[in-house]
2 protein chains.
Amino acid sequence: MTKQSGMALALQQAHLAAANGEVPVGAVLLDSTGKVLAQAGNRVEELHDPSAHAEMLVMRKAVQQRQGQKLADCTLFVSLEPCPMCAAAMAHFRLGRVVFGAYDAKGGGVEHGARLPHRPETLHRMEVIGGVREREAAEMLRAFFQKLRCR
Amino acid sequence: MTKQSGMALALQQAHLAAANGEVPVGAVLLDSTGKVLAQAGNRVEELHDPSAHAEMLVMRKAVQQRQGQKLADCTLFVSLEPCPMCAAAMAHFRLGRVVFGAYDAKGGGVEHGARLPHRPETLHRMEVIGGVREREAAEMLRAFFQKLRCR
């Protein structure tokens, strides 16, 4: 699967999240053959769980399904740059690669702020690719927050 | 409840975790009246979930029980300095105060590494108290890992 089409799936999950009143961030996790292991949007409101970010949900689901096997062979597509919680979790899950859409200068923890995957004490190294279909992902978030403000 | 007795509960959860073959870290979450909202040890192995750290489990359980009400009025006692994932989650959960036992120079994200609660971009501010019953908490971890190495 190309980066473009992997991100298309993540954006689809972000759209579904927005329709449920969640901040529109979506994620999909693929193994090395391109098989979809899990996909989800944010479910923070629905689950009353501030940690129920799309990235956390797909990584947890996949490792549970694989009986504890971690994600070194996997790519996580996510529509927004992960926050520090998710960025640190990606190392705990031994994620092979993360591909994200929009950059998040305020809340991001991958290429902004603590930049966790790049810190010397983060022993797990993963491939990081940002800015894939960036405009679509950023526009979805912008539209969502503008609508919130106009209520 | 004093810091000492709050930490005693967290250490008890750490002991139970060790007995289940988990890395011995325990956590307990109290509201401002001293009522225990949730307590847990690490359940990473049991749940096949690398994010099932004691801190994450108690914060998620408490907010779910309170139907989404966050934790500004709460104190989290945890036997080990939280990792960056848990430290970032504490801000998402709007935790009021964290009291931890042993310092973790390699894996910690509160007073070591990214020091997330102290970073300028972490907008939520919480009280941080480290080193409570530090020797007991550190000794439990040391004994656990020594036993692992001798197998």
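The values are calculated or read from the model by the stated rules, or taken from the named source; none is laboratory data. All values reported here derive from a predicted model rather than from experimental measurement. Counting neighbours? That spans all protein chains shown, and the Cβs are built from the backbone with ideal geometry, glycine included. Accessible surface is based on the protein model in full, side chains and every heavy atom, while ligands, DNA and RNA are left aside. Shrake-Rupley method; radii C 1.70, N 1.55, O 1.52, S 1.80 Å.
Details
- Nearby lysines by direct alpha-carbon distance to B:Lys106 (threshold 21 angstrom, same-chain neighbours under 8 apart not counted): B:Lys147
- Using a probe of 1.4 Å, the accessible surface attributed to B:Leu76 totals some 0 Å² when neighbouring protein chains are kept in position.
- Placing a label point 7 Å from Cα along the Cα-to-Cβ axis, B:Ser32 is separated from the same position in the other copies by 5.4 nm, shortest listed first.
- Cα gyration tensor category, rounded, prolate or oblate, for the protein assembly as shown with a/c compared to 1.5: prolate
- Accessible area of the stretch A:25-151 divided out per residue, in Å², using a probe of 1.4 angstrom: 44 Å²
- Per-residue average of Cβ from other chains inside 10 Å of B:54-63: 2
- Angle in degrees between helix A:54-65 and the longest Cα principal axis of chain A, rounded to the nearest 10: 40 degrees
- Per-residue mean of C-beta atoms belonging to partner chains within 10 Å, peptide A:89-95: 4
- Within the accessible area of the stretch B:1-54, the carbon and sulfur atoms contribute 51%, probe 1.4 Å, all protein chains present.
- Of all chain B residues, the one whose C-beta is nearest the axis that brings B onto A, in angstrom: B:Ala114, 2
- By the rule of a C-alpha distance below 16 Å, with chain neighbours fewer than 8 residues away ignored, the lysines paired with B:Lys3 are B:Lys35.
- On association of chains B and A, roughly 2100 Å² of accessible area becomes buried (total for both chains; probe 1.4 Å).
- Sites listed here are trypsin sites (Lys or Arg not before Pro) in the stretch B:5-64 whose DSSP assignment is loop and whose Cβ has at most 14 other Cβ atoms within 10 Å: B:Lys35.
- Seen against the Cα atoms of chain B and their longest principal axis, helix B:3-19 is set at about 50 degrees.
- Against chain A, whose longest principal axis comes from its Cα atoms, helix A:134-149 is set at around 40 degrees.
- The stretch A:6-150 shape via C-alpha gyration tensor axes, a/c threshold 1.5: prolate
- Each peptide in B:97-105, A:138-146 gets a packing score, the mean of other Cβ atoms within 10 Å over its residues, and the list from highest to lowest is B:97-105, A:138-146.
- Mean-position separation - Cα centroids, the stretch B:16-81 and the stretch A:93-148, in angstrom: 27 Å
- Inter-label distance, nm, simple model (7 Å from Cα along the C-beta direction), A:Glu127/B:Glu136: 4.9 nm
- A simple spin-label model places pseudo-atoms 7 Å from Cα toward Cβ; at B:Gln65 and B:Tyr103 they are separated by 3.3 nm.
- For the stretch B:6-150, the dipole from Cβ point charges (+1 on Lys and Arg, -1 on Asp and Glu) about the Cα centre works out to 160 debye, to the nearest 20.
- Think of the stretch B:16-58 as having a plus end and a minus end, set by charges on the Cβ of Lys, Arg, Asp and Glu; of B:Val36, B:Ala17, B:Leu57, B:Val36 sits farthest toward the positive end of this dipole.
- R0 of 25 Å, Cβ-Cβ distance A:Arg115-A:Ala72: FRET efficiency to nearest 0.05: 0.75
- Zone residues, the stretch A:8-44, relative to A:Lys147, backbone N less than 13 Å from point 7 Å out along Cα-to-Cβ: A:14-25
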